[in-house]
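The values are calculated or read from the model by the stated rules, or taken from the named source; none is laboratory data. Just so it is clear, the model here is predicted, and its values are computed rather than measured. Note: ideal-geometry Cβ built from the backbone for every residue, glycine included; neighbour counts use all protein chains shown.
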Amino acid sequence: GQNIDQPTEMTATEGAIVQINCTYQTSGFNGLFWYQQHAGEAPTFLSYNVLDGLEEKGRFSSFLSRSKGYSYLLLKELQMKDSASYLCAVFPRDNYGQNFVFGPGTRLSVLP
Amino acid sequence: DTAVSQTPKYLVTQMGNDKSIKCEQNLGHDTMYWYKQDSKKFLKIMFSYNNKELIINETVPNRFSPKSPDKAHLNLHINSLELGDSAVYFCASSGTSGRAGSDTQYFGPGTRLTVL
């Protein structure tokens, strides 16, 4: 089966750095995505990793270790607007099956 | 211009009714999807359509039927609505029809369905 785990909730202070972890066990692996979802809104794409290592994009970075089935999303210089749910999603199949599997999401609260 | 749009944004209806949710994308994508997000915020894929062919149906009840009149539209029709169908339904689209690669999905704004 497919299983993705993330912490349910995290709290951090404005200006700080926070790391949101994601572990996965899937039948095959062909990429891992991070999405941000504000309350009442649609998920929006943040990052994509398919090879091991760190991908940096402004204040956000995402890391992947395929051997460990592990990824993290790093948010630097936190702002109040970063308060949202962060969803880890894995693309398990290496064929025409367009089958995203989403984790439960981590609700991040940024405090002043 | 909105990339992926859905209508209606809110839908309140009685048990047993039949309803439809429409989705359109203007990104020229090959594949479109329907997701259900329940009260616990789990996003679960329901269907995807690639070039007008259904390629996934994740054990969704047959009361749910996707209909794609063309590549830019994927509508969701629901028969005999039940209380447990209350959720937010998201439409999404992605660019390629083959290997996963960097196949980012773009989501519509969601339709909040409430069944009374």
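Collect the residues in the range A:11-34 that are in contact (Cβ under 8 Å) with a residue 60 or more places away in the chain and crowded, with 17+ Cβ neighbours inside 10 Å, keeping them in residue-number order.
Residues satisfying the conditions are A:Ala12, A:Val18, A:Ile20, A:Cys22, A:Tyr24, A:Thr26, A:Phe29, A:Asn30, A:Gly31, A:Phe33.
Might you check whether a residue that is without any contact (Cβ under 8 Å) to a residue 40 or more places away in the chain, more than 18 Å from B:Gln105 (Cβ to Cβ), surrounded by fewer than 13 Cβ atoms within 10 Å (Cβ to Cβ) and aliphatic (A, V, I, L, M) occurs anywhere in the range A:38-53?
The answer is yes; a qualifying residue exists.
Give the residue that is modelled with the lowest pLDDT, with candidates limited to residues of the range A:1-10 that are farther than 18 Å from A:Ser65 by Cβ and surrounded by fewer than 13 Cβ atoms within 10 Å (Cβ to Cβ).
A:Gly1
Among the residues of the range A:56-65, count how many are within 14 Å of chain B (Cβ to nearest Cβ) and either surrounded by fewer than 18 Cβ atoms within 10 Å (Cβ to Cβ) or more than 18 Å from A:Phe91 (Cβ to Cβ) (or both).
1
Tell me which residues, restricted to the range B:39-51, are loosely packed, with under 13 Cβ neighbours inside 10 Å and under 16 Å from B:Ala87 (Cα atoms).
B:Ser39, B:Lys40
Checking the condition aromatic (Phe, Trp, Tyr) and touching a Phe, Trp or Tyr at 6+ places or on another chain (Cβ under 6 Å), which residue from A:Phe102, A:Phe33 passes?
One residue alone meets the criteria, A:Phe33.
Give me the residue from the range B:1-34 that is among the small types (Gly, Ala, Ser) and in contact with a Gly (Cβ under 9 Å, 6 or more places away or on another chain) and, out of that set, surrounded by the fewest Cβ atoms within 10 Å (Cβ to Cβ).
Looking at the filtered set, the residue picked out is B:Gly28.
Kindly provide the set of residues from the range A:26-39 that are at pLDDT 90 or above and not aromatic (Phe, Trp, Tyr), ordered by number.
A:Leu32, A:Gln36, A:Gln37, A:His38, A:Ala39
With (1) at pLDDT 95 or above; (2) more than 14 Å from chain A (Cβ to nearest Cβ); (3) farther than 16 Å from B:Ser48 by Cβ as the list, and B:Leu76 as the residue in question, which single condition is left unmet?
Every condition holds for B:Leu76 apart from (3).
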